[in-house]
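Below is one structure, written out as structure tokens, with a few remarks after it.
The values are calculated or read from the model by the stated rules, or taken from the named source; none is laboratory data. Since the model is a prediction, treat every value here as computed from it, not as a measurement. Using ideal geometry, Cβ is built from the backbone for each residue, glycine included, and neighbour counts are taken over all protein chains shown. Side chains included, ligands, DNA and RNA excluded: accessible areas come from the protein's heavy atoms. Shrake-Rupley method; radii C 1.70, N 1.55, O 1.52, S 1.80 Å.
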Amino acid sequence: MIFLLRRLAFYIGAFFLAVTFNFFIPRLMPGDPSARIIASFQGRLNEAQVEAIRKSYGFTGSLWEQYVTYVGSIMRLDFGISTVQFPEPTASLLFYAATWTLVLVGLAIFFAFTIGSFMGIHAAWHRGGFFDSFFTPINVMLNAFTPAIVALLLFYAFSLQLQWFPLGRAHSTSIMPAFSVEFIGSVLYHATLPVMSIFLVSFGGWHLGMRNVMINLLNEDFVILAKAKGLSDRRVRYRYVARNAILPQITALALSIGFLLGGALVTEQVFNYPGLGKFTFTAIGSRDYSFIQGQLLLLTASVLVANLLSDIANVILDPRLRT
């Protein structure tokens, strides 16, 4: 428990440090986010209107007052107002985009981790056999591909040429969002190619990682003792070897889940998918500071929370950490 409390204190401190950096970096740049909105009116605003816009973006008062106001806003999940889609709140844009990114990248990571880890377990247990000799080189090759190449190939082959899948969007425009079989089917249909493009370049890494860690554990004393006791291959494989080999995989999974909210930038651009990656790309090009700041904080928080969950999972799986 003391271990987890120390980790929790560290993560809270890291988050507030990120909030502080997120506050000061835009203020070190020339101008401020509100200047874009003010300039778009080409001098038609009076001083009171200019001051109201600056206040809505938190650029009035002393630097300390701005900082206190900013931290209070973050605690209320108020990330300001988008400059690109003014006066749309940044929080609503962030959570809308995050929902679709969770669907897209969440499915890809789930299938990649599950299938890749089980393939790694099987390849390590039967190392040198047909399964290991055939699939391990293929996964090494797939792991070397970049997401851009795979996404473009799938999009060209199955969307442009064969026209089996749509050219973009998260669901059909003719279906209203609702918790129905028709809507969920449309979402899964539109997500098939983007999920496949991420899955193909990532599951090989889980396979190789699990395989390498398991091979290093197969000659450990506790494994040799378990075999000498006459335990079944299945029990030794999963209860003794795989349970220990999965620990570094869980840590890597936590980082993957954390960066999930960073969005699959290339994939979402290629498939015109309305996730965080696509929105962030648009925000960078349009200098939408509010959205960029909110996205960075969301990414930081997701990485810290995922690492905390990883620490909890490691304590549960590894009895040594409890003492």
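Quick notes
- Label point distance in nm, Ser232-Ile312, each placed 7 Å from Cα along Cα→Cβ: 3.2 nm
- Per residue, in Å², the accessible surface of region 122-174 once ligands and nucleic acids are set aside, probe 1.4 Å: 64 Å²
- Percent of Cα pairs exceeding the 26 Å cut-off, where the set is region 148-291: 48 percent
- Whole-Hz couplings from phi, Karplus 6.51/-1.76/1.60, listed for region 240-255; x for Gly and Pro: 9, 7, 4, 4, 7, 6, 6, 4, x, 5, 5, 4, 5, 5, 4, 5
- Taken one residue at a time, the phi angles of region 216-226 give Karplus couplings (6.51, -1.76, 1.60, θ = phi - 60°) of 5, 8, 5, 9, 6, 4, 5, 6, 4, 5, 4 Hz. Gly and Pro are set to x.
- For region 98-184, Kirkwood radius (reciprocal of mean inverse C-alpha pair distance, Å): 16.1 Å
- For Ile81, residues with placed amide H under 5 Å, excluding near neighbours: Thr90
- Report note on the peptides 128-140, 233-245, 201-213: ranked by the mean count of other C-beta atoms within 10 Å, highest first, their order is 201-213, 233-245, 128-140.
- Relative contact order computed over region 205-294 (Cα-Cα under 8 Å; 6+ residues apart), in percent: 18 percent
- Taking label points 7 Å from Cα along the Cα-to-Cβ direction, Ile175 and Leu4 give a separation of 3.9 nm.
- Share of carbon and sulfur in the accessible heavy-atom surface of region 158-299 [1.4 Å probe, %]: 63 percent
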